1. In the range 88-141, which strands (runs of 3 or more DSSP E) lie fully inside it and hold 2 or more residues that are among the hydrophobic types (A, V, I, L, M, F, W, C)?
2. With (1) part of a loop (DSSP other than H, G, I, E, B); (2) closer than 22 Å to GLU258 by Cα; (3) away from ligand 3 (no atom under 16 Å from the Cβ) as the list, and GLU198 as the residue in question, which single condition is left unmet?
3. If only one of THR134, THR114 is away from ligand 3 (no atom under 16 Å from the Cβ), among the hydroxyl-bearing types (Ser, Thr, Tyr) and modelled with pLDDT of 95 or more, which one is it?
4. Need the failing condition index for ASP176 against (1) touching a helix residue (DSSP H, G or I) at 6+ places or on another chain (Cβ under 9 Å); (2) modelled with pLDDT of 95 or more; (3) in a loop (DSSP other than H, G, I, E, B); (4) surrounded by fewer than 24 Cβ atoms within 10 Å (Cβ to Cβ), just the number.
5. Would you check if there is a residue in the range 374-384 being in a helix (DSSP H, G or I) and in contact with a strand residue (DSSP E or B) (Cβ under 8 Å, 6 or more places away or on another chain)?
6. Collect the residues in the range 4-27 that are within 16 Å of ligand 3 (Cβ to nearest atom), within 23 Å of ALA166 (Cα to Cα) and in a helix (DSSP H, G or I), keeping them in residue-number order.
7. Taking interchain pairs and intrachain pairs at least six residues apart, which have beta carbon atoms under 9 angstrom, with the first residue in the range 209-223 and more than 21 Å from ARG272 (Cα to Cα) and the second more than 15 Å from ligand 2 (Cβ to nearest atom) and among the basic types (Lys, Arg)?
Amino acid sequence: MARIVMKFGGTSVADVKRIRQAALHVKREIEAGNQVSVVVSAMSGKTNELVGWTREAAPVHDAREYDAVVASGEQVTAGLMAIVLSEMGIPARSYAGWQVPIHTDDAHGSARITGIDATELDKRMNEGWVPVVTGFQGVAPSGRVTTLGRGGSDTSAVAVAAAVKADRCDIYTDVDGVYTTDPRIVPRARRMNKISFEEMLEMASLGAKVLMIRSVELAMAQKVRLVVRSTFDDPNAPQIAPDGTPGVPGTLVCDEEEIMEKQIVSGVTMARGEAKITLRDVRDRPGVAAAIFGALADESIIVDMIVQNVADDGSVTDITFTVPDGEYDKAIRTLQAAQNIEYAKIVGSKGNAKISVVGVGMRSHAGVAASMFKALADKSINIQLITTSEIKTSVLIDDEYAELAVRALHTYYGLDRQDV
Ligand code: ADP
Ligand code: ASP
Ligand code: MG
């Protein structure tokens, strides 16, 4: 017997028919003698609709009420999933975050899970029940409902898996695993059998939204075995692992040590909607970067790539960085209002794309950045900014060339499937 947490994303529970399809996967696991807790997202599109309503009600509003509204989507699907399972003869009941309870801090809209009391889930599973838990939400110390940030149900699922000491956390979605790049953009993308936590973390933070970043962080820290697989596979088909043996289909996210064949480049990602801001002729003195980025941090503006040029004559320099498009105007206003930064002017542009190549093999192989620049140059794509870390290289380019760049790099690093 295994203990499994099964998480179903928005498209997997988009209507009652799909909830039935998802429930058949749960039925299969129960009939195989396993214990299961289910975590559900809201129906696809629902959270966007709810967010839209809060904005319509008032563009600026209380984050606690935002959470009260947007958390409701998951309650609908949890209840429906419990009804469908019961109808199939599987004892099930739904739990809102506060009923579990899933404790979070009080950062409404992007709360962090601080602890889960697994007593009730344990008890129910031991009795043969399937608890169906709302993803994306929890309860603050004040007793008010919180949400975890967009895509947060993945994090709920991993946290529940850690709390109930599950053998596995299966993330059921609309693709059958983690691919070398978004399969919707590159049809020749290849499914990976395994990916290391480190690579998955980079890919998630660089734009592969198949898993929320925090869910990967949590799985890595708590040693949760995470599998990404498809809800739309036949629930009654024999369970075959990617290597052809009986097992779990999909992509296993695991420790690097479990992966024999280490690719130099494992994946390519694309993040759109990146704004670039340059401060020209900044007075070059100690503390200037602290003043600029301190002012932005005080406004909770998340800065990503940062480049500072060498001052020609030692007196002034240019500093360039990126923020999400949505934060562009606020960032400019913040810098204009800051008292202690001297510069000649601010220039910038919205709508750029960050393209990255990721791979643990980069640790031991030279020249990946150089070959990436060459592949982009061959397509006459101009690079605006570059950043690197131990296992990734990222470039900022004009959005117009984003998909071309992803496809070119995917081919260049030999990641294309040959059978399509
Ligand atoms: P869910 O609603 O199930 O949480 P998401 O839409 O959040 O699903 O994530 C699944 C989507 O992630 C896929 O439909 C796919 O387009 C996208 N995606 C982006 N990058 C990748 C990747 N490298 N591998 C697989 N899917 C990816
Ligand atoms: N429903 C939430 C969202 O769309 C959480 C999730 O689906 O993971 O962001
Ligand atoms: Mg998701």
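1. Values: elements: 92-95, 102-104, 113-116, 130-134, 137-139.
Of the strands (runs of 3 or more DSSP E) lying wholly inside the range 88-141, those with at least 2 residues that are among the hydrophobic types (A, V, I, L, M, F, W, C) span 113-116, 130-134.
2. Only one criterion is unmet by GLU198, namely (1).
3. On the way: THR134 fails: away from ligand 3 (no atom under 16 Å from the Cβ).
THR114 is the lone residue from the list that is away from ligand 3 (no atom under 16 Å from the Cβ), among the hydroxyl-bearing types (Ser, Thr, Tyr) and modelled with pLDDT of 95 or more.
4. Failing condition for ASP176: (1).
5. Residues of the range 374-384 in a helix (DSSP H, G or I): 374-378.
Going one step further and asking which of them are in contact with a strand residue (DSSP E or B) (Cβ under 8 Å, 6 or more places away or on another chain), we end up with 376.
Yes: the range 374-384 contains one or more residues that are in a helix (DSSP H, G or I) and in contact with a strand residue (DSSP E or B) (Cβ under 8 Å, 6 or more places away or on another chain).
6. Going through the range 4-27, the residues within 16 Å of ligand 3 (Cβ to nearest atom) turn out to be 5-14, 18, 22.
When the remaining residues are screened for being within 23 Å of ALA166 (Cα to Cα), the result is 5-10, 12-13, 22.
Result: GLY10, SER12, VAL13, ALA22.
7. ALA219/ARG225
Here is a yes/no grid of residues against (1) within 14 Å of ligand 2 (Cβ to nearest atom); (2) over 24 Å from the mean Cα position of the chain (by Cα); (3) under 22 Å from ALA166 (Cα atoms):
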position	(1), (2), (3)
SER41	yes, no, yes
GLY45	yes, no, no
ALA58	no, yes, no
ARG64	no, no, no
VAL69	yes, no, no
GLY73	yes, no, no
GLY79	no, yes, no
MET88	no, yes, no
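The values are calculated or read from the model by the stated rules, or taken from the named source; none is laboratory data. Note that the structure is a prediction, hence the values are computed from the model and not measured. For neighbour counting, all protein chains shown are included, and Cβ atoms are generated from backbone atoms with ideal geometry for every residue, glycine included.
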